[in-house]
Amino acid sequence: MSATELLSSRLVWFQGGPATVPWQTTLSIGLTNGVEPQHVQASCSVPLVFPPVWIDGRCYADGGVANLRPFTPVINMGATRVLSLATDQPLPEDLPDYPPDFRPGIGNVIKMLGGELSHDHAVSQAKTIEVLNAFWERASADHMTSSEEAAPYILLGEDILVDDYRPIEIKLFAPSRRIRHDEIYHPDFFDPEIGAKSTVMLFHRDFLRELIAFGYEDGRARHDELAEFFDPDRP
């Protein structure tokens with residue numbers, strides 16, 4: 001479970017379980033103090049919408065603020081197969097069309113910033129790992145055909161050699177349809193005080209139940225594909 005520490009803007013991963021160990025990278029840190037309700041609350045504490053959450057004397061906000069490397073913890077824990085559950089389908093290849101009377105306003109800027117906060121960085125990191133895997137395969141082939149007296153082939157730094165790298169297989173699991181912004185507003189949620197539909201901000205229990213049911217059906221439809229991916233006997 002990830003959250004952003006308020007003063008350093010550093011991404012903190014809260015981990016639990018007997019096999020977890022603390023770790024650090026340039027922008028992230030992994031703690032082993034377990035995962036409790038307050039960690040979940042901090043992870044979804046959207047800035048300017050919900051207040052930061054105090055945990056062990058420090059304030060934390062939504063992990064999406066600094067979560068540019070969502071695969072960091074599992075890679076540090078030694079995973080070689082990663083199932084990434086995307087929150088939306090990949091963005092369309094083409095840029096949107098503008099209506100003839102469009103005039104940019106503050107609402108567009110706020111929506112743009114909110115879109116960046118909610119951007120699913122798993123897709124871009126998966127592409128980065130695919131590039132590293134391809135480079136590792138090429139570097140390994142070159143290294144194996146070189147003479148024994150040749151200098152070690154450096155992959156990611158002076159301490160990371162080709163033989164130290166483990167290729168990582170990633171399966172991106174995206175929803176079968178896009179979850180549009182207007183679906184955040186449910187026709188049954190009406191606020192009589194303002195006389196309009198009230199946003200559920202993706203946190204209303206009925207809306208969450210709909211999302212869970214949607215994900216369950218998507219999972220059932222791709223059961224065989226997932227079973228093959230996690231088959232322990234598959235090379």
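The values are calculated or read from the model by the stated rules, or taken from the named source; none is laboratory data. Being a predicted model, the structure only gives us computed values, none of them experimental. As a convention, Cβ positions derive from the backbone with ideal geometry for all residues, glycine included, and neighbour counts pool all protein chains shown. Note: areas computed on protein heavy atoms with side chains; ligands, DNA, RNA excluded. Shrake-Rupley method; radii C 1.70, N 1.55, O 1.52, S 1.80 Å.
Counting only protein heavy atoms and using a 1.4 Å probe, what share of the accessible area of region 1-128 belongs to carbon plus sulfur, as a whole percent? Carbon with sulfur: 62 percent of the solvent-accessible area. Size descriptors for region 27-118 (Cα atoms only): Rg and Dmax, in that order, 17.6, 55 Å.
Here the gap between T26 and F50, fully extended at 0.36 nm per residue and compared with their Cα-Cα distance, gives a gain of 5.9 nm. Between R10 and H223, the contour length at 0.36 nm per residue exceeds the alpha carbon distance by 73.0 nm. Report note on the peptides 102-108, 172-178: ranked by the mean count of other C-beta atoms within 10 Å, highest first, their order is 172-178, 102-108. With the charge dipole of region 1-117 set up from +1 on Lys and Arg Cβ and -1 on Asp and Glu Cβ about the Cα centre, the Cα lying farthest toward the positive end among the listed residues L7, P52, P99 is that of L7.
Can you give the accessible area per residue of region 1-126, in Å², using a 1.4 Å probe? Walk me through the intermediate numbers first.
On the way: 8150 Å² over 126 residues.
With all protein chains present, region 1-126 gives 65 Å² per residue.
Where does each of 217-228, 125-136 land if you order them by average Cβ count within 10 Å, highest first?
Values: 217-228: 10.9, 125-136: 14.8.
Averaged packing, sorted descending, gives the order 125-136, 217-228.
Taking θ as phi - 60° and the Karplus parameters 6.51, -1.76 and 1.60, the scalar couplings of region 50-65 work out to 10, x, x, 10, 7, 9, 6, x, 10, 9, 10, 10, 3, x, x, 4 Hz in sequence order, x denoting glycine and proline. Each of the peptides 43-55, 25-37 was scored by the mean count of other Cβ atoms within 10 Å over its residues; in descending order, highest first, they stand as 43-55, 25-37.
What's the FRET efficiency of V109 with I129 using the Cβ-Cβ distance as r and R₀ = 25 Å, to the nearest 0.05? It would help to have the intermediate numbers written out before the result.
On the way: r = 32 Å, r/R0 = 1.30.
FRET efficiency, V109 to I129: 0.15.
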